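**Student:** The structure follows.
The values are calculated or read from the model by the stated rules, or taken from the named source; none is laboratory data. Because the structure is predicted, anything quoted here is derived from the model rather than measured. Glycine gets a Cβ as well: all are built from the backbone with ideal geometry, and neighbour counts include every protein chain shown. Just so you know, the surface numbers come from the protein's heavy atoms only, side chains and all, with ligands and any DNA or RNA stripped out. Shrake-Rupley method; radii C 1.70, N 1.55, O 1.52, S 1.80 Å.
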Amino acid sequence: MSTQRGYFTVDQVRAAEAELFTRVPEGVPMRRAAHGLATVVAGELRERTGGVAGRAVTLLVGSGDNGGDALWAGAQLRRRGVAVTAVLLSPERAHARGLAALRAAGGRVSDDVGRPDLVIDGIVGISGRGALRPRTAEIVAALRAPIVAADLPSGVDPDTGAIEGPAVRADVTVAFGAYKPVHALAAPQCGRIELVPIGLRLPEAGLAALEPAAIGAAWPVPGAADDKYTQGVTGVCAGSATYPGAAVLCAGAAVAATSGMVRYAGTAAAEVLNHFPEVIATQEVSATGRVQSWVFGPGAGTDSAARARLREILSTDLPVVIDADGLTLLAAEPDLVRGRTAPTVLTPHAGEFARLTGHEVGRDRVAAVRDLAASWQVTVLLKGRATLVAAPGRPVLVNEAGGSWAATAGAGDVLSGIIGTLLAAGREPAWSAAAAARVHALAANLAAHDDAPAGTPISASVLAAHVRPAIGVLRGLAHPF
């Protein structure tokens, strides 16, 4: 079973393509890509209209190989009875052989998009940068038909997923040979993603996603010889008189994520126990008892007492997750973790990232999170629809949530509790953060679809209630929808 899905940069793909060209005859990689594209388009036509023959497809054709892929695919579709029209956006630089093949198959060239059943975006490929040009942007904006993008949606940066102006928003994207970072970092622009193998031999990816089934297989569950201590004891220091709910959400998530035991230290002990009587609660960190990881920060405050608790926790040799108010405290005293040898996981959103580093995340989120992890020698989870996890010297892990249901107050408190549980169970920090992000996102999606009607906005409490079902889905014990 594969444990990860790699996302490969333009340079990595180009190098792999160059190696492929030494093994196969000229034109074969493009024919493979075009065949895969045509197959996906035919499937979309069948699904959306009930058939293939007699349907109409328009190709938006740019210069270079991406346009060639679209033209060759158009030729194949034409031979299946599809009426194919190519709009050449750079006529003088259109792929000559692809254009000849389309014309030979009976396809036509026009400046009019027409009223197609489907459009193929072959405007620019992985070499393209920047927004769509004005004329092209105008054409794309006027489209009313579904769009299938060849390799990536044009106008979206292939390596960063950044969008600087008008860009294609595809219903389906057909990735040629390899997934690229754009497919995870700008998933809403890509729609459903279909991979077409073309024979590339790829190196280790610098960006990867944990496969859901692999997360489920590695999730800590009680073994025959386990007791509540051997499964991992999670310490939670969160909440305050002002924000007791943060403690409830964080501790409750740790309980739900199968921690053998959860110990709570803080001023919201009564509220935590009222919701989760199985938690062992005290007022002070020093009185907590043995734990195997700590979660600090959600709703904990930023006063001197909170600062003292953070210092005490970081002085241990235990793994520590720091979130929310803990990150605000850390921004003022970064040396508290910079010299730390025990595992430390920071979980900032974009604003907290800016406070920690003194600058915005910027266009290249992968580089930003990698740089912070290397500079501070910690594991960093940068929140977002595409959550990124970086650890020094390791590939960055990405979790594309599949939606933004978790964008609600308190959801981060739940995430921190799940990470802490995995650390207490002895799991590696980057894996713990990425696996927790997958469960968290799935729990949010389950919550949104379990309500009536499906797709109802959720709260963090509802998300937390779906943590166990999400783990069950990943372990193959339940079906998501």
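**Student:** Can you name the condition, by its number, that Val279 falls short on among (1) within 21 Å of Ala460 (Cβ to Cβ); (2) open to solvent by 60 Å² or more (accessible area, probe 1.4 Å); (3) touching a residue at least 12 places away in the same chain (Cβ under 8 Å)?
**Tutor:** All conditions pass for Val279, except number (2).
**Student:** Val398 is checked against (1) part of a helix (DSSP H, G or I); (2) closer than 23 Å to Pro188 by Cα and fails just one. What number does that condition carry?
**Tutor:** (1)
**Student:** Answer yes or no as to whether Val255 is in contact (Cβ under 8 Å) with a residue 24 or more places away in the chain and not in a loop (DSSP other than H, G, I, E, B).
**Tutor:** For Val255, the condition - in contact (Cβ under 8 Å) with a residue 24 or more places away in the chain and not in a loop (DSSP other than H, G, I, E, B) - is met.
**Student:** Within the range 167-175, can one find any residue that is assigned to a loop (DSSP other than H, G, I, E, B), closer than 24 Å to Glu17 by Cβ and of a type in the set (Ser, Thr, Tyr)?
**Tutor:** Among the residues of the range 167-175, not one is assigned to a loop (DSSP other than H, G, I, E, B), closer than 24 Å to Glu17 by Cβ and of a type in the set (Ser, Thr, Tyr), which makes the answer no.
**Student:** Among all residue pairs at least 6 apart or on different chains, which show Cβ distances below 7 Å where the first residue, located in the range 356-368, is within 12 Å of Val380 (Cβ to Cβ) and of a type in the set (A, V, I, L, M) and the second is in a loop (DSSP other than H, G, I, E, B) and open to solvent by 30 Å² or more (accessible area, probe 1.4 Å)?
**Tutor:** The qualifying pairs are Ala368/Gly362.
**Student:** While we're on this one: Touching a Ser or Thr at 6+ places or on another chain (Cβ under 7 Å) and exposed (fewer than 15 other Cβ atoms within 10 Å of the Cβ): does that describe Arg355?
**Tutor:** yes
**Student:** Follow-up question, since we're still on this one. Looking at Ala454, Ala433, Ala406 in this structure, which one is part of a loop (DSSP other than H, G, I, E, B) and either touching a Leu at 6+ places or on another chain (Cβ under 6 Å) or within 19 Å of Pro298 (Cα to Cα) (or both)?
**Tutor:** On the way: Ala454 fails: either touching a Leu at 6+ places or on another chain (Cβ under 6 Å) or within 19 Å of Pro298 (Cα to Cα) (or both); Ala433 fails: part of a loop (DSSP other than H, G, I, E, B).
Sole residue among the options that is part of a loop (DSSP other than H, G, I, E, B) and either touching a Leu at 6+ places or on another chain (Cβ under 6 Å) or within 19 Å of Pro298 (Cα to Cα) (or both): Ala406.
**Student:** Restricting attention to the range 409-428, which residues are open to solvent by less than 40 Å² (accessible area, probe 1.4 Å) and assigned to a loop (DSSP other than H, G, I, E, B)?
**Tutor:** Start the filter on the range 409-428 by keeping residues that are open to solvent by less than 40 Å² (accessible area, probe 1.4 Å), which leaves 410-425.
Gly410, Ala425 - these are the residues of the range 409-428 that are open to solvent by less than 40 Å² (accessible area, probe 1.4 Å) and assigned to a loop (DSSP other than H, G, I, E, B).
**Student:** Continuing with this model, one more query. Pull out all pairs, ordered by first then second residue, where Cβ-Cβ is under 7 Å, the residues are six or more apart or on different chains, the first lies in the range 197-209 and is in a loop (DSSP other than H, G, I, E, B) and at pLDDT 95 or above, and the second is surrounded by fewer than 17 Cβ atoms within 10 Å (Cβ to Cβ) and not charged (D, E, K, R).
**Tutor:** Partner pairs satisfying both residue conditions: Gly199/Val24.
**Student:** Does the range 51-74 contain any residue that is surrounded by fewer than 18 Cβ atoms within 10 Å (Cβ to Cβ), of a type outside the set (S, T, N, Q) and in a helix (DSSP H, G or I)?
**Tutor:** Scanning the range 51-74 turns up no residue that is surrounded by fewer than 18 Cβ atoms within 10 Å (Cβ to Cβ), of a type outside the set (S, T, N, Q) and in a helix (DSSP H, G or I).
Every residue, every condition in (1) open to solvent by less than 70 Å² (accessible area, probe 1.4 Å); (2) assigned to a loop (DSSP other than H, G, I, E, B); (3) modelled with pLDDT of 95 or more, yes or no:
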| site | (1), (2), (3) |
| --- | --- |
| Leu99 | yes, no, yes |
| Gly114 | yes, yes, yes |
| Asp121 | yes, no, yes |
| Ser127 | no, yes, no |
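**Student:** Return the only residue of Gly384, Gly362 being over 14 Å from the mean Cα position of the chain (by Cα), modelled with pLDDT of 95 or more and either more than 14 Å from Leu207 (Cβ to Cβ) or buried (at least 17 other Cβ atoms within 10 Å of the Cβ) (or both).
**Tutor:** Working: Gly384 fails: over 14 Å from the mean Cα position of the chain (by Cα).
From the options Gly384, Gly362, the qualifying one is Gly362.
**Student:** Continuing with the same structure: Collect the residues in the range 165-179 that are of a type outside the set (A, V, I, L, M, F, W, C) and within 16 Å of Ala38 (Cα to Cα), keeping them in residue-number order. Don't jump to the end; show me each part of the working.
**Tutor:** Going through the range 165-179, the residues of a type outside the set (A, V, I, L, M, F, W, C) turn out to be 165-166, 169, 171, 173, 177, 179.
Across the range 165-179, the qualifying residues are Asp171, Thr173, Gly177.
**Student:** Is one or more of the residues making up the range 25-35 modelled with pLDDT of 95 or more and part of a strand (DSSP E or B)?
**Tutor:** no
**Student:** Pick out the one residue from Ser416, Ser459 that is hydroxyl-bearing (Ser, Thr, Tyr) and under 30 Å from Ala205 (Cβ atoms).
**Tutor:** Exactly one residue qualifies, and that residue is Ser416.
**Student:** Where residues in the range 1-24 are of a type in the set (Val, Ile, Thr) and part of a helix (DSSP H, G or I), which of them is surrounded by the fewest Cβ atoms within 10 Å (Cβ to Cβ)? Explain how you work it out, then say what you get.
**Tutor:** Keep residues of the range 1-24 that are of a type in the set (Val, Ile, Thr), which gives 3, 9-10, 13, 22, 24.
Of the ones still in play, those that are also part of a helix (DSSP H, G or I) are 10, 13.
Numbers: Val10: 18, Val13: 21.
It comes out as Val10.
**Student:** Looking only at the range 134-185, how many residues end up being surrounded by fewer than 24 Cβ atoms within 10 Å (Cβ to Cβ) and polar (S, T, N, Q)?
**Tutor:** The qualifying residues number 2.
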